[in-house]
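Read the structure below first, then the notes.
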Amino acid sequence: MTAVPLRLPRRLIEFTLDGRETRVPEGSTILEACRAAGTDVPTLCQGDTLTPKNACRVCVVEVEGARTLTPACSRRAEAGMTVRTDSERARHSRKVVLELLASSTDLSTTPGAAGWIKEYGAEPGRFGADAARVNEEPKVDNDLYVRDYDKCIQCYKCVDACGEQWQNTFAIAIAGRGFDARVSTEHGVPLTDSACVYCGNCIEVCPTGALSFKSEFDMRAAGTWDEPAQTETTTVCAYCGVGCNITLHVQDNEIVKVTSPHDNPVTHGNLCIKGRFGFQHVQNRV
């Protein structure tokens, strides 16, 4: 069971969301207000435990009186404001953003992407077969996880999770400029020669599958990855006395990957290398 820490009460503010009067705690973002109201607003770079980066621009909404569209993940709701999430302008912006992302990036393992492309009528193919893409083979230089730059949208979530917001390892950063910009280790060295401590917290926040467990990568390549058939069981990591919650993803009676609940007061989704990847011993059968 996950314990929920108590917080100081916040006063409620009122604003108009898609024509309806809405009340949310002061300090809530527009995206949080949308989710509380059951309004679906797509997002890729937003992370519930990370500071908003405004990188993907998929969640933009229209605020009455504002000159430009506003990213719902970072703009806080204000008393008296009027927000439209489904205006023609907002929908057109999301359509173009999705077209640009899908024409240059492989979104095949991005949860929700196929549905958004259909919902907003995005046509990634209109840029032609010559649309610029990374076209790199996935980097498999260790037994724990894989980097596939064809799927990276440079949302910065992995960089932030590796850096000051989670792990404080600073093993990866954005290198290069323009279309050549990409997530890289220091001086582009192999991951095994970098400062990476293999906590896998970058995998935890990756929204597109550009970073994935080696086990998941191998099973997808073999055509045996079946996420709907997997079960999830949350338990306590037994490696030390910290008490981290871990969620075991099991398929065909085998653990295929491990995550951690983001609302857990101990881990907030973070794990160490043992908690994240040290599950093979469970499956060693004599």
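Could you let me know the centre-to-centre spacing of region 81-115 and region 140-169, using Cα atoms, in angstrom? After rounding, the separation between the Cα centres reads 23 Å. Counting only residues at least eight positions apart within a chain, or on another chain, the lysines with an alpha carbon under 17 Å from that of LYS157 are LYS53. Only protein heavy atoms count here; on that basis, with a 1.4 Å probe, PHE179 has an accessible area of about 110 Å².
Per residue, the accessible area of region 147-209 comes to 45 Å², computed with a 1.4 Å probe over protein heavy atoms only. Taking the DSSP beta bridges with both ends in region 8-124, the antiparallel portion is around 85 percent. When the residues CYS155, CYS240 are ordered by accessible surface, computed with a 1.4 Å probe over the protein chains alone, the sequence from largest down reads CYS240, CYS155. Rounded to the nearest 20, the Cβ-based charge dipole of region 66-196 about its Cα centre (Lys and Arg +1, Asp and Glu -1) stands at 820 debye. Annotation: aspartates and glutamates with alpha-carbon distance below 18 angstrom to LYS274 (same-chain offsets under eight excluded): ASP143, GLU204, GLU216, GLU254.
To the nearest 10, the accessible area of ILE174 is 50 Å² with a 1.4 Å probe.
Once you have all Cα-Cα distances for the chain, histogram them in 10 Å bins from zero and send the whole-percent values. Distribution as computed: 6, 24, 32, 26, 11, 1, 0 percent. Using the alpha-carbon positions of region 8-165, Rg (one decimal) and Dmax (whole number) come out as 17.6, 54 Å. 3J(HN,Hα) couplings calculated from phi for region 188-203 with the Karplus curve 6.51 cos²θ - 1.76 cosθ + 1.60 (θ = phi - 60°) are, in sequence order, x, 6, x, 4, 5, 9, 8, 7, 4, 9, 6, 6, x, 5, 5, 5 Hz; Gly and Pro show x.
Here the calculated FRET efficiency for GLU64 and PHE179, from their Cβ-Cβ distance with R0 = 25 Å, stands at 0.10, rounded to the nearest 0.05. Apolar share of the accessible surface for the chain: 51 percent from carbon plus sulfur atoms, 1.4 Å probe. In region 191-278 the Cα-Cα distances spread across 5 Å bins starting at 0 as 3, 13, 23, 26, 19, 12, 4, 1 percent of all pairs. Pairs exceeding a 26 Å alpha-carbon distance, out of LYS95/LYS214; LYS151/LYS214; LYS95/LYS257; LYS118/LYS214; LYS118/LYS257: LYS95/LYS214; LYS95/LYS257; LYS118/LYS214; LYS118/LYS257. ASP218 contributes an accessible area of around 70 Å² to the protein surface, as traced by a 1.4 Å probe with all chains present. In a simple Cβ point-charge model (Lys, Arg +1; Asp, Glu -1; nothing else charged), region 1-93 has a dipole of about 260 debye relative to its Cα centre.
Label sites at TYR239 and VAL140, each approximated as a point 7 angstrom past Cα along Cα to Cβ, lie 2.4 nm apart.
The values are calculated or read from the model by the stated rules, or taken from the named source; none is laboratory data. Only a predicted model underlies this, so the values are computations on that prediction, with no experimental measurement involved. Using ideal geometry, Cβ is built from the backbone for each residue, glycine included, and neighbour counts are taken over all protein chains shown. The accessibility values were calculated without ligands, DNA or RNA, using every heavy atom of the protein model including side chains. Shrake-Rupley method; radii C 1.70, N 1.55, O 1.52, S 1.80 Å.
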